[in-house]
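Everything on this sheet refers to the single structure shown next.
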Amino acid sequence: MTGFDPKAELVRYLKAGREALLWKLDGLSEYDVRRPLTPTGTNLLGLVKHVASMEAGYFGVVFGRPFPEPLPWLAEDAELNADMWATADQSREWVVDFYHRTWAHSDATIDALELDAPGRVPWWPADRNEATLHRILVHVIAETDRHAGHADIVRELIDGEVGMVNGNENMPPADKAWWAEYRARLERVAAEA
């Protein structure tokens with residue numbers, strides 16, 4: 001594979017996950033981006049805040065390049081799950097801007113280091129907390145995509161909107177009637193099983 005750049009490929013996947021996650025906020029009210037839609041309170045803006053916070057740590061402290069802003073919701077004395085929701089004074093614009101600031105910080109770390117650059121994840125068990133930039137990139141891509149998947153479901157629960165990224169639903173071309181019958185058929189199969 002001539003010209004293949006593994007780091008560039010990983011960065012491309014990271015950027016795609018970031019963009020997919022943020023796209024799930026588009027067109028929704030302030031209430032809807034904050035609305036908890038699962039028994040554990042999962043909400044769109046909280047997912048973005050959490051992923052931004054996670055990224056700030058993995059591409060910051062892990063490589064001796066701490067994110068320059070305090071993250072009080074991650075402090076030892078912070079309320080449980082404080083990174084999974086936005087307070088009333090943390091507007092959508094603030095959370096999205098915070099995510100963009102973490103991107104810039106993360107991208108600077110990624111650009112500055114080789115894939116085999118060593119780091120240490122202080123919140124992982126001591127016997128396996130050493131990691132390379134490559135391992136952290138893979139881990140953060142997986143986490144970002146996992147939470148983008150949560151956002152897909154939450155968004156669908158809010159207004160029925162689905163899709164992988166803007167302009168690419170990645171869903172079968174079907175109308176609402178087809179989806180309603182499809183869902184009803186799955187419900188019947190589940191009940192019969």
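The values are calculated or read from the model by the stated rules, or taken from the named source; none is laboratory data. Note that the coordinates shown come from a computational prediction; the quantities given were computed from them, not determined experimentally. Cβ coordinates were reconstructed from backbone atoms using ideal geometry, including for glycine residues, and neighbour counts include every protein chain displayed. The accessibility values were calculated without ligands, DNA or RNA, using every heavy atom of the protein model including side chains. Shrake-Rupley method; radii C 1.70, N 1.55, O 1.52, S 1.80 Å.
The table below gives the values:
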| item | result |
| --- | --- |
| Tally, over the stretch 45-57, of residues that are open to solvent by less than 10 Å² (accessible area, probe 1.4 Å) and touching a Phe, Trp or Tyr at 6+ places or on another chain (Cβ under 9 Å) | 9 |
| Flag if residue 67 is of a type outside the set (Lys, Arg) and modelled with pLDDT of 95 or more | yes |
| Matching residues, the stretch 58-90, being in a loop (DSSP other than H, G, I, E, B), open to solvent by 30 Å² or more (accessible area, probe 1.4 Å) and closer than 22 Å to residue 129 by Cα | 64, 65, 66, 71, 75, 76 |
| Residue, surrounded by the most Cβ atoms within 10 Å (Cβ to Cβ), within the stretch 8-31, restricted to residues that are over 13 Å from residue 164 (Cβ atoms) and acidic (Asp, Glu) | 30 |
| Residue within the stretch 116-126 that is modelled with pLDDT under 95, charged (D, E, K, R) and farther than 29 Å from residue 41 by Cβ present | no |
| Criterion violated by residue 98 - all others in (1) touching a helix residue (DSSP H, G or I) at 6+ places or on another chain (Cβ under 7 Å); (2) assigned to a helix (DSSP H, G or I); (3) exposed (fewer than 15 other Cβ atoms within 10 Å of the Cβ) satisfied | (3) |
| Pairs, first within 22 Å of residue 150 (Cα to Cα) and of a type in the set (Val, Ile, Thr) in the stretch 164-188, second modelled with pLDDT of 85 or more and open to solvent by 80 Å² or more (accessible area, probe 1.4 Å), C-beta under 8 Å, six or more apart | 165/19 |
| Matching option when the condition is touching a residue at least 24 places away in the same chain (Cβ under 8 Å), over 21 Å from residue 154 (Cα atoms) and not hydrophobic (A, V, I, L, M, F, W, C), among 119, 41, 46 | 119 |
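Quick grid of which residues meet (1) surrounded by 14 or more Cβ atoms within 10 Å (Cβ to Cβ); (2) closer than 24 Å to residue 55 by Cβ:
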site	(1), (2)
127	no, no
135	yes, yes
146	no, yes
156	yes, no
164	yes, yes
173	no, no
185	no, no
188	no, no
